[in-house]
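Take a look at the structure set out below.
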Protein chains: 2
Amino acid sequence: MATATIIGSGLMGSAMAWPLADNGFIVHLVGTPLDGAIIESCKKNRYHPSLKRTLPDKVIPFDFSQIDEAIKDAELVVCGVSSPGIDWIAEVLSHRIRAHQLVVGITKGLRVEKSGTIELFPDVIAKQFPESIRNRVVPAAIGGPCIAGELAARRHTCVMLGSRNLETAKTIASLLQTHYYHIQPTDDLTSLEIGVAMKNAFTVAVGMAYGSLTADEANMNVHNTAAALFAEGCTEIGALVRLAGGNERLSSALPGAGDLFVTSAGGRTMTLGKLLGQGIPYQEAERMLAGVTLESVQIIREMAKALAVWEADGRIGPRSFPLLRALIAVIVDGKKQSFPFNEFFRGV
Amino acid sequence: MATATIIGSGLMGSAMAWPLADNGFIVHLVGTPLDGAIIESCKKNRYHPSLKRTLPDKVIPFDFSQIDEAIKDAELVVCGVSSPGIDWIAEVLSHRIRAHQLVVGITKGLRVEKSGTIELFPDVIAKQFPESIRNRVVPAAIGGPCIAGELAARRHTCVMLGSRNLETAKTIASLLQTHYYHIQPTDDLTSLEIGVAMKNAFTVAVGMAYGSLTADEANMNVHNTAAALFAEGCTEIGALVRLAGGNERLSSALPGAGDLFVTSAGGRTMTLGKLLGQGIPYQEAERMLAGVTLESVQIIREMAKALAVWEADGRIGPRSFPLLRALIAVIVDGKKQSFPFNEFFRGV
């Protein structure tokens with residue numbers, strides 16, 4: 001039987017064990033040095049404490065100290081860390097990946113280089129590979145609306161799997177596809193990664209709307225405002241994808257509207273947005289959420305750098321991306337929340 | 001002071017009184033023959049029983065018997081009925097509209113002619129006008145994510161206002177725009193009306209996902225499935241707009257993703273979807289919801305006719321619009337819910 005190795009036993013990394021096990025893989029689930037308690041529980045009674053679920057029979061938990069043994073026979077390696085771990089996993093893989101292995105990541109985020117170029121996480125991983133490997137292993141990425149616990153519950157889930165090499169994307173998709181995990185391969189890695197990263201940023205805005213809710217005589221909510229911010233978020237994802245030369249239709253598909261919908265259903269990004277929407281300054285909200293990984297903040301900070309470069313070199317005008325700029329004002333510049341509603345939807 | 005007349009005192013029609021009154025209009029709110037109890041309450045103590053809110057001072061309630069008096073001095077006439085009333089209001093206006101008046105509708109829906117052409121509601125109204133008027137009054141339409149009670153609560157709300165005549169759209173938008181009601185004029189009436197109608201259809205699918213939720217050991221929801229259906233809905237709205245020669249970017253903006261988001265937040269369309277998602281056949285769900293206006297059902301039935309004609313004449317292939325076809329199967333053909341997830345997102 002084939003082996004798949006997942007590195008990182010957090011929610012999303014671990015959830016990938018379900019479709020892999022259902023497809024007949026022996027799954028090596030390797031904890032990072034921060035995952036000690038999870039792996040200990042898994043080894044003790046096969047119970048995953050964050051997913052609150054017993055592991056499938058074919059999943060074998062490994063401590064990080066056992067990684068060399070866990071990875072050596074893997075057909076497929078899943079990079080299952082969250083964004084602060086991206087450099088760490090790139091280093092871990094750099095001298096362990098072999099030319100016949102497939103690599104796919106679930107980490108959401110992006111970096112912006114001094115030139116304003118967006119660097120994608122699969123490329124962060126690839127560039128640490130020795131040259132002999134880099135020419136043969138093209139890391140792929142999975143993205144789209146997927147709450148980890150729902151994947152492990154085998155709920156119908158549709159995602160995209162992107163690689164600069166379409167054949168690689170198709171191959172990995174075929175290994176992961178099940179009757180509940182529906183995977184669309186694409187070679188438009190850039191659009192996929194921009195969409196799934198930026199949805200974290202724009203979910204903060206949706207959360208801000210709900211956080212700003214105040215009592216009203218007729219008990220009305222603020223769905224109208226949230227929907228306007230949601231739509232402008234999708235529109236700005238489309239514009240970013242267009243700037244990157246990708247297929248902007250993705251903004252109304254899985255990596256745009258779909259992923260923004262699922263992230264807006266709840267979780268830490270919405271929590272941050274709601275705190276900010278209540279008028280709490282970012283620095284204070286950050287203290288209140290100490291210890292929580294906020295991909296959204298890292299992404300908004302990176303995009304602040306990108307917009308500055310793009311505007312300076314004339315790629316964009318000063319009134320473009322009004323919602324992203326409003327988020328930058330709150331999170332990077334520490335300003336009070338203020339949405340320029342009349343500036344929205346001008347790109348359409 | 002200028003006068004605006006709203007015909008139809010249901011939720012959305014009545015809510016339009018708030019921005020109009022805030023902009024200085026004397027607002028004549030005219031009940032339809034079905035709105036007797038609402039107008040009676042409004043006349044008695046200025047309390048709107050469905051909006052659960054006191055009318056602004058500048059709003060004057062009228063019975064339908066007073067319509068001639070109520071409409072004659074209006075600068076702007078708002079058609080505030082829901083879709084079953086569209087022929088009725090077209091007849092009401094046909095011999096009462098004068099050449100200097102502006103007309104805007106809030107009714108969501110569409111019809112499909114035998115030729116497969118989509119007929120828009122503003123055109124249903126216009127074609128009943130005498131020829132002398134038809135050449136001078138171009139009915140406009142408002143659409144986008146707007147829960148009526150939230151507009152009356154003066155929550156920030158972004159909508160589009162479409163007319164085949166852009167100047168008309170701009171003029172009406174300027175009369176309605178307030179500090180909380182943000183209006184984007186467009187001459188792409190077709191795309192706007194397709195988007196805001198079809199969001200009702202696709203919300204049924206989102207509701208079906210949530211209705212299908214069954215107990216799970218880790219208490220997991222079905223947001224992944226709902227998000228996939230949401231995204232495919234946006235994608236199919238984009239494809240319909242493209243077929244109609246419109247700007248498909250709207251599918252990730254207000255009449256697409258935004259309107260689908262707000263409709264999915266709750267209400268009768270979600271209720272229908274949830275019943276169907278529980279496995280209740282459509283005929284039974286219809287009986288359970290007797291008396292509730294289900295625009296979604298009318299729209300799905302009309303689109304069943306459209307797809308049949310378009311497929312017969314080769315405009316579309318047999319596997320296009322897989323989600324819309326799945327909805328037609330349940331609602332028109334009475335079949336059991338079944339979503340072809342692997343057919344989704346092929347147009348992207």
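Summary of values
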{"item": "Highest-fluctuation residue, A:ALA169, A:ALA152, A:ALA37 considered, GNM on chain A with Cα pairs under 10 Å", "result": "A:ALA37"}
{"item": "Area hidden from solvent between A and B (accessible, protein heavy atoms only, 1.4 Å, total, Å²)", "result": "4700 Å²"}
{"item": "Copies compared at A:ASP57 - label distances in nm, ascending, label defined 7 Å from Cα in the Cβ direction", "result": "7.8"}
{"item": "Positive-pole candidate from B:LEU275, B:ASN200, B:GLY246, dipole of the range B:195-343, charges at beta carbon", "result": "B:GLY246"}
{"item": "D_trans [Stokes-Einstein, Kirkwood Rh over alpha-carbon pairs] for the range B:1-73, 4 °C, 1.567 mPa s, µm² s⁻¹", "result": "111 µm²/s"}
{"item": "Drop in accessible area of at least 40 Å² in the complex versus isolated chain, residues of the range A:321-348, 1.4 Å probe", "result": "A:PHE341, A:ASN342, A:PHE345, A:VAL348"}
{"item": "Relative contact order of chain B, defined on C-alpha pairs under 8 angstrom at six or more residues apart (%)", "result": "14 percent"}
{"item": "With at most 16 other Cβ atoms within 10 Å, longest stretch of chain B clear of loop GluC sites (Glu not before Pro) (DSSP)", "result": "B:218-348"}
{"item": "14 Å beta-carbon shell around A:GLY256, net charge (K/R +1, D/E -1)", "result": "-3"}
{"item": "Solvent-accessible area, 1.4 Å probe, carbon plus sulfur percent, for the range B:52-134", "result": "49 percent"}
{"item": "In the range A:3-61, trypsin sites (Lys or Arg not before Pro) in a DSSP loop with at most 15 other beta-carbon atoms within 10 Å", "result": "A:ARG46, A:LYS52"}
{"item": "Stokes-Einstein translational diffusion, chain A - Kirkwood Rh over all Cα pairs, 0.692 mPa s, 37 °C, in µm²/s", "result": "159 µm²/s"}
{"item": "Share of pairwise Cα separations in the range A:3-187, more than 29 Å, in percent", "result": "14 percent"}
{"item": "Extension reserve of the A:LEU289-A:THR54 stretch, reckoned as 0.36 nm per residue once the Cα distance is removed", "result": "81.7 nm"}
{"item": "Occluded residues from the range A:132-150, i.e. those whose accessible area drops by 10 Å² or more once the chain is not alone (1.4 Å probe)", "result": "A:PRO145, A:ILE147, A:GLY149, A:GLU150"}
{"item": "Cβ charges +1 (Lys, Arg) and -1 (Asp, Glu), total dipole of the range A:3-187, debye", "result": "300 debye"}
{"item": "Solvent-accessible area per residue for the protein assembly as shown (1.4 angstrom probe, square angstrom)", "result": "37 Å²"}
{"item": "Kirkwood Rh, angstrom, the range B:217-285 [1 / mean 1/r, Cα pairs]", "result": "13.6 Å"}
{"item": "Stokes-Einstein D (µm²/s) once Rh is taken as the Kirkwood radius of the protein assembly as shown over alpha-carbon pairs, at 10 °C in 1.306 mPa s", "result": "60 µm²/s"}
{"item": "Beta bridges by DSSP in the protein assembly as shown, antiparallel share as percent, to the nearest 5", "result": "25 percent"}
{"item": "Rg/Rg_ref, the range B:195-343, where Rg_ref = 2.2 N^0.38 Å and atoms are Cα", "result": "1.01"}
{"item": "Alpha-carbon spread of the range B:86-141, three principal axes, descending order, Å", "result": "33, 22, 17"}
{"item": "For the range A:147-221: rounded, prolate or oblate by the Cα gyration tensor [a/c cutoff 1.5]", "result": "oblate"}
{"item": "Cβ-vector label at 7 Å, B:LYS114, separations to other copies in nm", "result": "7.2"}
{"item": "Inter-copy separations for A:GLY36, label at 7 Å along Cα-Cβ, nm, ascending", "result": "7.7"}
{"item": "Sulfur and carbon atoms: percent of accessible area, the range A:178-308 [1.4 Å]", "result": "49 percent"}
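The values are calculated or read from the model by the stated rules, or taken from the named source; none is laboratory data. These figures come from a predicted structure and were not determined experimentally. Note that we place each Cβ from the backbone using ideal geometry, even for glycine, and neighbour counts take in every protein chain shown. Remember, those area values only see protein heavy atoms, side chains included, never the ligands or the DNA or RNA. Shrake-Rupley method; radii C 1.70, N 1.55, O 1.52, S 1.80 Å.
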